[in-house]
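Below is one structure; the comments refer to it alone.
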Amino acid sequence: MKSWLALLALLTTTPSLTLAADDIAVHDAWVRAAPPGATVLAAYLIIDNHSASAQTLSGASSPQFDSVEIHRTEVKNGVASMSAQPHVAIPAHGTLKFAPNGYHLMLIGPRKALRPGDHVELSMQFDGRPAQLIHAPVRAAADEPADDTMQHHHHD
């Protein structure tokens with residue numbers, strides 16, 4: 001009993017190791033529609049970190065895909081290249097936009113064909129907190145946000 005009380009005292013006097021639900025906000029999520037038979041799709045979203053410390057997105061998953069990876073597209077000398085990222089930091093009081101030609105979630109191995117109007121369920125894993133479930137509509141190219149409103153911004 002004493003060890004239980006000691007643990008309770010420690011937990012109530014130690015700063016929280018997890019964030020309140022509203023410290024991290026994931027919004028404006030969408031998935032780019034792909035032609036039938038496509039084996040990968042891309043998801044885009046915005047993550048706002050309202051906390052006083054940087055937070056880390058360490059992964060994502062979806063029951064509708066075999067796997068989900070964090071990727072980043074970079075253009076160097078006019079050549080675009082894409083690389084998987086094991087995690088990505090969201091700065092304190094900052095915003096990270098996952099947008100075309102920047103960070104995105106690579107949705108690999110769709111378990112069924114998706115059409116515009118369908119929704120993708122994504123579970124976002126942030127270090128030190130429970131997974132956050134979001135729903136992203138599938139959009140046709142004509143319905144995508146304009147590039148100037150979805151540019152990648154990462155505050156260091």
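No value in this document is a laboratory result; all are computed from the given coordinates. These numbers come from a predicted model, not from an experiment. When we count neighbours, we look across all protein chains shown, and the Cβ atoms used for this are built from the backbone with ideal geometry, even at glycine.
The fewest-to-most ranking of 44, 103 by surrounding Cβ atoms within 10 Å reads 103, 44. Taking the charge dipole of the range 19-143 about its Cα centre, with +1 at Lys and Arg Cβ atoms and -1 at Asp and Glu Cβ atoms, the residue from 100, 80, 53 reaching farthest to the positive side is 80. Pairs of Cα atoms nearer than 8 Å and 6+ residues apart set the relative contact order; for the range 19-143 it is 33 percent.
At full extension, residue 25 and residue 46 could sit 6.8 nm farther apart than now, given 0.36 nm per residue minus the alpha carbon distance. With all projection directions averaged, the alpha carbon convex hull of the range 19-143 covers 8.0 nm².
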